[in-house]
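Since the structure comes first, as structure tokens, the remarks are kept for the end.
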Amino acid sequence: MGTDLISFSKVCKRYPGGYEALKDVSFSVEPGEMVFVTGHSGAGKSTLLKLIAAMEHATSGSVLIAGQNVSSLRRPAIPFLRRKLGLVFQDQKLLYDRSAFDNVMLPLVVTGHPWREAAKRARAALDKVGLLDRERANPIALSGGEQQRLCIARAVVNRPNILIADEPTGSLDTEYADAIIDMFRSFNQVGVTVLISTHDDRPIRRLSPRVLTLNRGSLA
Amino acid sequence: MRAWLRHHALSFAHTARRFAASPAATLLNALVIGVALALPLGGHVLLANVQQFARGIAADAQISIFLAPEASTSEIAGLQKRLRGTPGVRSVAFVSRQEALDGLKRVPGMAEVIATLRENPLPDAFVATLAASDPELAQRLARDFKSIPRVAYVQTDSAWMERVHSLLRVGRTAVMLVGALLSFALVAVTFNTIRLQILTQSNEIEVSKLVGATNAYIRRPFFYFGILQGIFGGVVGCAIVDIAILVLNNDLAGLGTLYGANVRLELLGRSDGFAVLTFAAVLGWLGAYASVSRHLYKIESQ
């Protein structure tokens, strides 16, 4: 228990209106693991990941991140939790009013890093995902795969312990999807704990990682 | 500490960029706020000038002290000294009964009437000129003078002073009311501008929060925006009032030469300007605070 980085215990999530997205979900993830969360759409994959980032709150049960109970976290503490996480969203959430570089800078800007050091880190992150030559481009001018890589650069720029990606390969063709998954694997190989949700079983067949399968809100 | 300063510098730069990004809207907002501030401010300036003017004529505010006929010459001299030494009295003139009679004789038609009198019925008198047109002071002094021995009768000329003062009070209350109402306008303008900004920037706000921005970080640029917009509006308001005064003074100068008087309005002083800018900044902050509390909540609750 003490060594777990992420630990769900009897977590239920019921949305207003009575829809139950998660039912009695318990699992734990150790530091350095790479875990896939699968299931048909609507099975609760996104909800599960959102509970970790405190974007949703559990109706009952507890979600512990590094021993801290996220579901009982006071609101002012949430930003400090999120700074330890790298998030890749299903809908990407890129800002189209600024360059790729500025998008990657955002997590460092909001935490008040000195600009010079932040810029160095942002370029390193862009380099890691192979977008250094596109740093001045507006995200709208990037291809789908490039946009996804930009999201990953933004997620890793503050050097998080945990990387969480919600359907990062959802709209990509298989070649691009494999490259994205390999990118996550390389971060995992340097010690980052990675949680990826996907409805695509190709990476699972390819890598045979640990898999959590959700079925109508319950772990199979 | 350095990170904190950097945050503030960054928010400030952010805010400045937002102004620069929409110069027309910025100008219009400043104008609306400026006009809203200029109305009560103009009223205040006008009142201050009227008050100044009233104080000018109050140099003539006088109390007449009539003496009992049995007052001796030495008593009169002592009384004069006493009156001169009273605080609030600027000067004291003695009008002897003979002088008063001579004055009266010069009034057409009075000479015949006076000739029928066997003796001078007029008393000796002092005319005390007050230092300020303060009806309360005049009344208090009149009461004091009445209690002096050998003083038969005291007449104050403070009725008009009271009239002017109560008119000024009414004016001041009206200016306050207009000011209070238009302050709401300023708060409302800021509230609405910031509401629009929050709507257009909801994406940026949401993403910033997801990558670990605190609420304080999100709110800070909006506070700066409200304060700066208030100050811009304050500057515009002061400019409107000063320009109006300059234009009015031009016309008043013409009026002044006709009446042989130097009538001109005073421009806003430095302390007035500072007070207006501070007030506008506080109202801007208030509008920003209200808007941010009301509209960011929806995003924050995610």
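The values are calculated or read from the model by the stated rules, or taken from the named source; none is laboratory data. Note that the structure is predicted; figures quoted are calculated from it, not measured. Glycine also receives a Cβ, built like all others from the backbone with ideal geometry; neighbour counts cover every protein chain displayed.
For (1) under 32 Å from the mean Cα position of the chain (by Cα); (2) outside the structural domain of B:A152 (by TED's automatic domain parsing), each residue gets a yes or a no:
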{"residue": "B:H7", "(1), (2)": "no, yes"}
{"residue": "B:L10", "(1), (2)": "no, yes"}
{"residue": "B:A24", "(1), (2)": "no, yes"}
{"residue": "B:G34", "(1), (2)": "yes, yes"}
{"residue": "B:G78", "(1), (2)": "no, no"}
{"residue": "B:R82", "(1), (2)": "no, no"}
{"residue": "B:V89", "(1), (2)": "yes, no"}
{"residue": "B:V113", "(1), (2)": "no, no"}
{"residue": "B:R118", "(1), (2)": "no, no"}
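So is B:D134 under 30 Å from B:A38 (Cα atoms), outside the structural domain of B:V45 (by TED's automatic domain parsing) and in contact (Cβ under 8 Å) with a residue 12 or more places away in the chain or not?
Details: under 30 Å from B:A38 (Cα atoms): yes; outside the structural domain of B:V45 (by TED's automatic domain parsing): yes; in contact (Cβ under 8 Å) with a residue 12 or more places away in the chain: yes.
So B:D134 fits the description; yes.
Could you give every pair whose Cβ atoms fall below 6 Å, whose first residue belongs to the range A:130-153 and is within 11 Å of A:N103 (Cα to Cα), and whose second residue is assigned to a helix (DSSP H, G or I) and of a type in the set (F, W, Y), counting only separations of at least 6 or pairs across chains?
Qualifying pairs under 6 Å: A:E135/A:F101.
Name the residue, out of A:S41, A:S71, that is away from chain B (no Cβ under 11 Å) and either over 29 Å from A:L207 (Cα atoms) or part of a strand (DSSP E or B) (or both). Give the derivation first.
On the way: A:S41 fails: either over 29 Å from A:L207 (Cα atoms) or part of a strand (DSSP E or B) (or both).
One residue alone meets the criteria, A:S71.
Does A:D91 count as assigned to a loop (DSSP other than H, G, I, E, B), surrounded by fewer than 22 Cβ atoms within 10 Å (Cβ to Cβ), more than 8 Å from chain B (Cβ to nearest Cβ) and modelled with pLDDT under 95?
Numbers: assigned to a loop (DSSP other than H, G, I, E, B): yes; surrounded by fewer than 22 Cβ atoms within 10 Å (Cβ to Cβ): yes; more than 8 Å from chain B (Cβ to nearest Cβ): yes; modelled with pLDDT under 95: yes.
Criteria met by A:D91.
Would you point out which residue out of A:A118, A:A125 is free of Cβ contacts under 8 Å to residues at least 24 places away in the same chain, assigned to a helix (DSSP H, G or I) and within 14 Å of another protein chain (Cβ to nearest Cβ)? Full working, then the answer.
Working: A:A125 fails: free of Cβ contacts under 8 Å to residues at least 24 places away in the same chain.
Answer to the check: A:A118.
Table: residues versus (1) surrounded by fewer than 16 Cβ atoms within 10 Å (Cβ to Cβ); (2) under 25 Å from B:A216 (Cα atoms); (3) more than 12 Å from chain B (Cβ to nearest Cβ).
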position: A:T111; (1), (2), (3): no, yes, no
position: A:R136; (1), (2), (3): yes, no, yes
position: A:G144; (1), (2), (3): yes, no, yes
position: A:R149; (1), (2), (3): no, no, yes
position: A:R154; (1), (2), (3): no, yes, no
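Just a yes or no: is a residue in the range B:219-226 more than 14 Å from every other protein chain (Cβ to nearest Cβ) and surrounded by fewer than 18 Cβ atoms within 10 Å (Cβ to Cβ)? Before you say what the answer is, go through the steps one by one.
Kept after step one, since they are more than 14 Å from every other protein chain (Cβ to nearest Cβ), are these residues of the range B:219-226: B:222-226.
Narrowing the set further to residues that are surrounded by fewer than 18 Cβ atoms within 10 Å (Cβ to Cβ) leaves none.
Scanning the range B:219-226, I find no residue that is more than 14 Å from every other protein chain (Cβ to nearest Cβ) and surrounded by fewer than 18 Cβ atoms within 10 Å (Cβ to Cβ), so the answer is no.
Just one of the numbered conditions (1) more than 20 Å from A:L163 (Cβ to Cβ); (2) surrounded by 17 or more Cβ atoms within 10 Å (Cβ to Cβ) is not true of A:L81; which one?
The number of the failed condition is (1).
Within the bounds of the range A:146-169, is there any residue that is part of a helix (DSSP H, G or I), at pLDDT below 90 and either closer than 18 Å to A:I6 by Cα or out of contact with any helix residue (DSSP H, G or I) (no Cβ under 6 Å at 6 or more places or on another chain) (or both)?
To start, the set of residues in the range A:146-169 that are part of a helix (DSSP H, G or I) comprises A:146-156.
Keeping just the survivors that are at pLDDT below 90 gives none.
Checked the range A:146-169: no residue is part of a helix (DSSP H, G or I), at pLDDT below 90 and either closer than 18 Å to A:I6 by Cα or out of contact with any helix residue (DSSP H, G or I) (no Cβ under 6 Å at 6 or more places or on another chain) (or both).
Kindly state which helices (runs of 4 or more DSSP H) lie completely within the range B:1-101 and contain at least 3 residues that are closer than 30 Å to B:A142 by Cα and modelled with pLDDT of 80 or more.
Working: elements: B:2-21, B:23-57, B:73-84.
Ranges flagged: B:23-57, B:73-84.
Go through the range B:120-158 and report how many residues are over 29 Å from the mean Cα position of the chain (by Cα), outside any helix (DSSP H, G or I) and among the charged types (D, E, K, R).
Within the range B:120-158, residues that are over 29 Å from the mean Cα position of the chain (by Cα), outside any helix (DSSP H, G or I) and among the charged types (D, E, K, R) number 2.
Which of (1) in contact (Cβ under 8 Å) with a residue 60 or more places away in the chain; (2) surrounded by 16 or more Cβ atoms within 10 Å (Cβ to Cβ); (3) among the small types (G, A, S) does B:S202 not meet, given it meets every other one?
Single failed check for B:S202: (2).
Say whether the condition of being free of Cβ contacts under 8 Å to residues at least 24 places away in the same chain and surrounded by fewer than 20 Cβ atoms within 10 Å (Cβ to Cβ) is met by at least one residue in the range A:204-212.
If we filter the range A:204-212 for residues that are free of Cβ contacts under 8 Å to residues at least 24 places away in the same chain, which is where we start, we get A:205, A:208.
Narrowing the set further to residues that are surrounded by fewer than 20 Cβ atoms within 10 Å (Cβ to Cβ) leaves A:205, A:208.
Yes, there is a match, as at least one residue in the range A:204-212 is free of Cβ contacts under 8 Å to residues at least 24 places away in the same chain and surrounded by fewer than 20 Cβ atoms within 10 Å (Cβ to Cβ).
Quick check on the range B:136-143. Is at least one of its residues of a type in the set (K, R), within 20 Å of B:I76 (Cα to Cα) and loosely packed, with under 13 Cβ neighbours inside 10 Å? Working first, answer last.
Taking the range B:136-143 first, the residues of a type in the set (K, R) are B:140, B:143.
Applying the additional criterion that residues be within 20 Å of B:I76 (Cα to Cα) yields B:143.
From what is left, the residues that are loosely packed, with under 13 Cβ neighbours inside 10 Å are B:143.
Among the residues of the range B:136-143, at least one is of a type in the set (K, R), within 20 Å of B:I76 (Cα to Cα) and loosely packed, with under 13 Cβ neighbours inside 10 Å, which makes the answer yes.
Among the numbered conditions (1) touching a helix residue (DSSP H, G or I) at 6+ places or on another chain (Cβ under 9 Å); (2) hydrophobic (A, V, I, L, M, F, W, C); (3) farther than 17 Å from B:L39 by Cβ, tell me where B:L265 comes up short.
In the conditions (1) touching a helix residue (DSSP H, G or I) at 6+ places or on another chain (Cβ under 9 Å); (2) hydrophobic (A, V, I, L, M, F, W, C); (3) farther than 17 Å from B:L39 by Cβ, B:L265 misses (3) alone.
Would you pick out the residues in the range B:241-259 that are free of Cβ contacts under 8 Å to residues at least 12 places away in the same chain and of a type in the set (A, V, I, L, M, F, W, C)? Walk me through how you get there before you give the answer.
Narrowing the range B:241-259 to residues free of Cβ contacts under 8 Å to residues at least 12 places away in the same chain: B:243, B:247, B:250-251, B:253-259.
Result: B:I243, B:V247, B:A253, B:L255, B:L258.
Restricting attention to the range B:228-240, does a residue exist that is more than 14 Å from chain A (Cβ to nearest Cβ), outside any loop (DSSP other than H, G, I, E, B), touching a residue at least 24 places away in the same chain (Cβ under 8 Å) and over 24 Å from the mean Cα position of the chain (by Cα)?
Of the range B:228-240, the ones more than 14 Å from chain A (Cβ to nearest Cβ) are B:228-240.
Now restrict to residues that are outside any loop (DSSP other than H, G, I, E, B): B:228-240.
Pick out the ones that are also touching a residue at least 24 places away in the same chain (Cβ under 8 Å) and you get B:228-240.
Filter once more, so that each one left must be over 24 Å from the mean Cα position of the chain (by Cα): B:228-229.
The answer is yes, given that some residue of the range B:228-240 is more than 14 Å from chain A (Cβ to nearest Cβ), outside any loop (DSSP other than H, G, I, E, B), touching a residue at least 24 places away in the same chain (Cβ under 8 Å) and over 24 Å from the mean Cα position of the chain (by Cα).
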